[in-house]
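What follows is one structure encoded as structure tokens, with my remarks underneath.
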Amino acid sequence: MDVELRRKFIWFVCLLGLFPAWVKAQYDPSFVNYWALTSFYNPAATGQDAVLNVQGAYSMQMMGFENAPAVMLAHVDMPLFFINERHGAGVGFMNDQIGLFKHQKFYLQYAYHQPLWGGRLSGGIHLAMLSETFDGSELDLEDTSDPAFPTSEANGAAFDLNFGIQYARKSWFAGFSMMHCTAPTVTLGDEKVNEMKISPSYYLTGGYNIRLKSPLYTIHTAAMLRYDGVGFRSDIAGRIAYHGSKHEMYGGVSYSPMNSVSLLFGFDFHGINIGYAYEMYTGGIGALNGSHEILIGYRTELNLHKRGKNRHKSVRIL
């Protein structure tokens, strides 16, 4: 990247962070494998299966650009059982690096699952602590006396709250969630002259599994709609999965109108899940300047309750 393009990119990133009233972008990261990270976007999905679920995702976006976004997510959730009712608990950490900004989130989740009409109705909350960092020492400014731009590292933190509901049956699920319910405002630095206000975001998620004539193959579909009061984004994904005796494999595509087209594939072997996706932007950036995303997970059964008629298999997995 030449010097002039690099400076334009840095200034654009600065505007996104320091002047949200002028330039608006969605705060939450967009993972291509959102269908596998349902509980991150909707806490009602926390602990919905009788398994210990460990997940990690890493997305390297806008390849070829310096200071391009990179997002890392680590998440663990599992069911808890009290008085014959089902509960779920989870914990996670997210690190979102874009240019001179670093967005971090540590969160705890809880969900309650109630059998209903042959499926399960769930409600969950997500308590988080947000941490924002801006490294002003890397800025190349003509006027270094402008108080709007810190010349050293500036930090700030705020409390955040999300909630969600979801209904799931054997072959499909649908859910709604609201993130950043408290519309937190993060003040950066000791001078308290820069603020970052995070607007509430609304999500609709859903998925349906299509059984084929051969029991070895299944088509998995998923969709997510999100709106933050200014911007709207939709994602639709389809995967065909092969279910072997000791392993499972899948391949598919994901499409986000006005944003990108993605190719994805992965496999599951003895509870270890590894997936990869390449996202190609349709906005003119170029096919070779897309995003690489890696998904790694581990699932193992927890025999903490007696299996019975309410046994339920997640539609998120292969």
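Given the criteria buried (at least 16 other Cβ atoms within 10 Å of the Cβ) and modelled with pLDDT under 90, does Gly290 qualify? Walk me through it before giving the result.
Details: buried (at least 16 other Cβ atoms within 10 Å of the Cβ): yes; modelled with pLDDT under 90: yes.
Spelling it out, Gly290 is indeed buried (at least 16 other Cβ atoms within 10 Å of the Cβ) and modelled with pLDDT under 90.
Here's a check for you: in region 217-237, which residue that is surrounded by 16 or more Cβ atoms within 10 Å (Cβ to Cβ) and touching a His at 6+ places or on another chain (Cβ under 9 Å) is farthest from Phe40 (Cα to Cα)?
Only one residue fits best here, namely Thr218.
Given the structure, is Ser214 outside any strand (DSSP E or B) and either exposed (fewer than 13 other Cβ atoms within 10 Å of the Cβ) or touching a Pro at 6+ places or on another chain (Cβ under 7 Å) (or both)? It would help to see each step written out before you state the result.
Working: outside any strand (DSSP E or B): yes; either exposed (fewer than 13 other Cβ atoms within 10 Å of the Cβ) or touching a Pro at 6+ places or on another chain (Cβ under 7 Å) (or both): yes.
When the stated conditions are applied, Ser214 passes them.
Suppose the filter is surrounded by fewer than 20 Cβ atoms within 10 Å (Cβ to Cβ) and either of a type outside the set (Val, Ile, Thr) or farther than 23 Å from Gly297 by Cβ (or both); does Glu132 pass it? If you could, list the steps in order and put the result at the bottom.
Numbers: surrounded by fewer than 20 Cβ atoms within 10 Å (Cβ to Cβ): no; either of a type outside the set (Val, Ile, Thr) or farther than 23 Å from Gly297 by Cβ (or both): yes.
Taking the combined requirement at face value, the residue does not satisfy it.
Counting only residues that are aromatic (Phe, Trp, Tyr) and within 17 Å of the chain's Cα centre (by Cα), give me the strands (runs of 3 or more DSSP E) lying completely in region 43-116 with at least 2 of them. Steps first, answer last, please.
Details: elements: 51-60, 70-82, 85-98, 101-116.
Answer list for region 43-116: 101-116.
Among the residues that make up region 122-132, is at least one of them part of a loop (DSSP other than H, G, I, E, B) and either modelled with pLDDT under 95 or under 18 Å from the mean Cα position of the chain (by Cα) (or both)? Talk me through it step by step, then tell me what you get.
Restricting attention to region 122-132, the residues satisfying the condition of being part of a loop (DSSP other than H, G, I, E, B) are none.
Taking every residue of region 122-132 in turn, none turns out to be part of a loop (DSSP other than H, G, I, E, B) and either modelled with pLDDT under 95 or under 18 Å from the mean Cα position of the chain (by Cα) (or both).
Return the pair list, or none, for Cβ contacts closer than 8 Å from residues in region 70-93 that are charged (D, E, K, R) to residues that are outside any strand (DSSP E or B), at least 6 apart or on different chains.
Qualifying pairs under 8 Å: Asp77/Ser39; Asp77/Thr46; Asp77/Gly47; Arg86/Gly47; Arg86/His305.
The values are calculated or read from the model by the stated rules, or taken from the named source; none is laboratory data. Everything numeric here is computed off the predicted structure, so don't read it as measured data. Here Cβ is always computed from backbone atoms with ideal geometry, including for glycine, and neighbour counts include all displayed protein chains.
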